[in-house]
Amino acid sequence: MLPGQLALVAAAVFSGAALYITVAEQPARLRLDDRSLLTEWKPAYKHGTAMQAPLAIVGFLLGLAAWWQAGHVGWLLGALLMIANWPVTLFAIMPTNNRLMATEPAEAGAESRAMIKRWGSLHAVRTALGVVACFAFLWASLS
């Protein structure tokens, strides 16, 4: 079933990008000085958002379509996990994002570093949601 397989692909791309940010990009940027850390985080955040936000919606919609066609609960579960990234982002991560975006690099210091560390922990939740959605879609695909 094409919608389901495309949902799995969307979830896998989302998860791969999120995992890369969590295990490679975030640890690397934390080695920078405070000013460079904030300077690097801002455009990386914008680029990541431009890619991950649509993937979460596409994965959700395709998962719903697959569930509607096949009726397997795995498609619905995966779809809900994909769209759960939106409220997690809006309510848990966005306040930190907004504070970081409002901070000028010249003002960077221990507080902005702590916020970026917190952002990384919150972003790991999105990574986990994407990975679990992949497993739900894979389960439905194999059933």
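Take the conditions out of contact with any Lys or Arg (no Cβ under 8 Å at 6 or more places or on another chain), in a helix (DSSP H, G or I), surrounded by fewer than 21 Cβ atoms within 10 Å (Cβ to Cβ) and of a type in the set (A, V, I, L, M) and apply them to Ala7. Does it pass? I'd like the intermediate steps shown before the answer.
Details: out of contact with any Lys or Arg (no Cβ under 8 Å at 6 or more places or on another chain): yes; in a helix (DSSP H, G or I): yes; surrounded by fewer than 21 Cβ atoms within 10 Å (Cβ to Cβ): no; of a type in the set (A, V, I, L, M): yes.
Answer is no for this residue.
Do you know which residues across segment 120-143 are surrounded by 20 or more Cβ atoms within 10 Å (Cβ to Cβ) and either among the hydrophobic types (A, V, I, L, M, F, W, C) or not in a helix (DSSP H, G or I) (or both)? I'd like the intermediate steps shown before the answer.
Taking segment 120-143 first, the residues surrounded by 20 or more Cβ atoms within 10 Å (Cβ to Cβ) are 123, 126-127, 129-130, 133-134, 136-137, 140.
Selection gives Leu129, Ala133, Cys134, Ala136, Phe137, Ala140.
When Ala53 is tested against (1) surrounded by 15 or more Cβ atoms within 10 Å (Cβ to Cβ); (2) part of a helix (DSSP H, G or I), just one condition goes unmet, and that condition is (1). Out of all the residues in segment 29-71, which are within 18 Å of the chain's Cα centre (by Cα) and among the aliphatic types (A, V, I, L, M)? Of everything in segment 29-71, those that are within 18 Å of the chain's Cα centre (by Cα) and among the aliphatic types (A, V, I, L, M) turn out to be Ala44, Ala50, Met51, Ala53, Leu55, Ala56, Ile57, Val58, Leu61, Leu62.
His47 passes every criterion in (1) at pLDDT below 95; (2) within 30 Å of Ala7 (Cα to Cα); (3) surrounded by 18 or more Cβ atoms within 10 Å (Cβ to Cβ) apart from (3).
Name every residue in segment 100-117 that is part of a helix (DSSP H, G or I), touching a helix residue (DSSP H, G or I) at 6+ places or on another chain (Cβ under 6 Å) and not polar (S, T, N, Q), in order of residue number.
At the first step, the residues of segment 100-117 found to be part of a helix (DSSP H, G or I) are 100-102, 105-107, 110-117.
From what is left, the residues that are touching a helix residue (DSSP H, G or I) at 6+ places or on another chain (Cβ under 6 Å) are 100, 105, 112-113, 115-116.
Leu100, Pro105, Arg113, Met115, Ile116 - these are the residues of segment 100-117 that are part of a helix (DSSP H, G or I), touching a helix residue (DSSP H, G or I) at 6+ places or on another chain (Cβ under 6 Å) and not polar (S, T, N, Q).
Selection of segment 63-88 for residues being in a helix (DSSP H, G or I) and over 14 Å from Gly130 (Cβ atoms) yields Leu64, Ala65, Ala66, Trp67, Trp68, Gln69, Ala70, Val73, Gly74, Trp75, Leu76, Pro87. Could you say whether any residue in segment 10-25 is surrounded by 17 or more Cβ atoms within 10 Å (Cβ to Cβ), farther than 18 Å from Val131 by Cβ and either of a type in the set (Val, Ile, Thr) or out of contact with any Cys (no Cβ under 7 Å at 6 or more places or on another chain) (or both)? Checked segment 10-25: no residue is surrounded by 17 or more Cβ atoms within 10 Å (Cβ to Cβ), farther than 18 Å from Val131 by Cβ and either of a type in the set (Val, Ile, Thr) or out of contact with any Cys (no Cβ under 7 Å at 6 or more places or on another chain) (or both).
Just one of the numbered conditions (1) modelled with pLDDT under 95; (2) over 30 Å from Ser141 (Cβ atoms) is not true of Asp34: (1).
In this structure, does Ala114 turn out to be at pLDDT 95 or above, surrounded by fewer than 17 Cβ atoms within 10 Å (Cβ to Cβ) and over 12 Å from the mean Cα position of the chain (by Cα)?
Numbers: at pLDDT 95 or above: yes; surrounded by fewer than 17 Cβ atoms within 10 Å (Cβ to Cβ): yes; over 12 Å from the mean Cα position of the chain (by Cα): yes.
It is true that Ala114 is at pLDDT 95 or above, surrounded by fewer than 17 Cβ atoms within 10 Å (Cβ to Cβ) and over 12 Å from the mean Cα position of the chain (by Cα).
The values are calculated or read from the model by the stated rules, or taken from the named source; none is laboratory data. Everything numeric in this text was worked out from a predicted model, so none of it was measured. Cβ atoms come from the backbone with ideal geometry, glycine included; neighbour counts cover every protein chain shown.
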